[in-house]
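The values are calculated or read from the model by the stated rules, or taken from the named source; none is laboratory data. No experiment lies behind these values; they were computed from the predicted model shown. Positions of Cβ are backbone-derived with ideal geometry, glycine not excepted, and every protein chain shown enters the neighbour counts.
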Amino acid sequence: MNATINLEKEHFPVLLDELISIISPLYGGSFIDCTFGHGGYSKKILENKSNKVFAIDRDLKSLKIAEKLKKQFINRLNFEINTFSKIGNIKIEKKNIKAIIFDLGYSLSQIKDPTKGLSFNHKGKLNMKMGLNNYSAHEVINNLSEDSLIKVFKTFGEEKMSKKIAKKIIIEREKKNILNEDLVKIIDEVKKFRKTKVHNSTKIFQSLRIFVNKEISELIYGLINSFKILPTGSIIAVITFHSIEDKIVKFFFRHYSEDKKTSRYLPDQKSPNKLFKLIKKKPILPSLSEISKNPSSRSAKLRYGIKINNTNNFEEFLNKFKYLIEIENLSKKLWKKFIL
Ligand SMILES: C[S@@+](CC[C@H](N)C(=O)[O-])C[C@H]1O[C@@H](n2cnc3c(N)ncnc32)[C@H](O)[C@@H]1O
């Protein structure tokens, strides 16, 4: 059986060897796995008997996997269903934390899970809730204003035909609620059933998934709040899968690891704002052999930094990506309508 077919049944943690060699779990300590999933990284870390893992996942389905691993690694795995932006509220033994890991995105089993409705082939109500959400893609498509839909599609999907697609959605939803299959049809019609390598609906579906799960705010506050609980000397490692995520992570590490000039007339000074030591400026990418075994790893990028200073001031980071957070916050109107 070839490895790609095998992937349907198995979960391959992306860049596992590269990540493990960076966080050095051989030396013993506590590790935080913010995206537990199938527990691939946690399991590898726990192979060293002196390691502990605090793990988080927003998807309730991870709980069963965590319960099983807890029996295998008694008293060394703690697991909580939560979103990683809330890491500051989670009870974690801060002593001896060596590293925190984010393996962003979703596993193949989640993408194929019909109850999550991430697939273009799913029939029925749109969903895309990955856990702990306030609203679904059904509410977004059937209620968000035309202008807001355009912003979501353009910014989170980089979809060139955002305006035309949003316009057609508004016309069609006057007749009846738009279901998954209707949305795929609308996009196909606007794109005139163009056949390309990438499915016509990919960009719109990505933008909706980001919006429904507030993936941008999750990432930004996940990075800030995890930084706050880490001792200096520990590592933050992040694996991204799409360009918006990578832009955010790249800025976070690069911006806070550069010496800043206080005046252009003065020589460079060691800046107190320097928060990270970066061993590598460029991201680590999967090897050709990993990509051939697991083609979906091809867009993965691993970046990491070692915390060297403390701060509570992330204003520059927040300002840089304020426009993205504001688009996600367009949802506030929605959940007021459905939740309150
Ligand atoms: C790519 S999978 C991780 C796979 C994992 N490294 C493994 O080896 O099994 C990403 C996981 O992160 C979870 N996730 C995504 N966004 C999250 C968030 N904001 N908070 C908590 N978990 C999140 C998803 O539910 C998914 O299980």
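Structure summary
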| quantity | calculated |
| --- | --- |
| Out of Lys260, Lys301, Lys293, Lys280, sole residue that is out of contact with any Cys (no Cβ under 8 Å at 6 or more places or on another chain), at pLDDT 95 or above, of a type in the set (D, E, K, R) and over 14 Å from Ile224 (Cα atoms) | Lys301 |
| Tally, over the stretch 201-226, of residues that are within 10 Å of the ligand (Cβ to nearest atom) and either of a type outside the set (Gly, Ala, Ser) or touching a Gly at 6+ places or on another chain (Cβ under 9 Å) (or both) | 6 |
| Arg58, sole failed condition from (1) loosely packed, with under 15 Cβ neighbours inside 10 Å; (2) near the ligand (Cβ under 9 Å from one of its atoms) | (1) |
| Top-ranked residue in the stretch 118-137 [being closer than 20 Å to Ser107 by Cβ and hydrophobic (A, V, I, L, M, F, W, C); ranked as farthest from the ligand (Cβ to nearest atom)] | Phe120 |
| Subset of the stretch 66-105 that is part of a loop (DSSP other than H, G, I, E, B) and modelled with pLDDT of 95 or more - its residue that is nearest to the ligand (Cβ to nearest atom) | Thr83 |
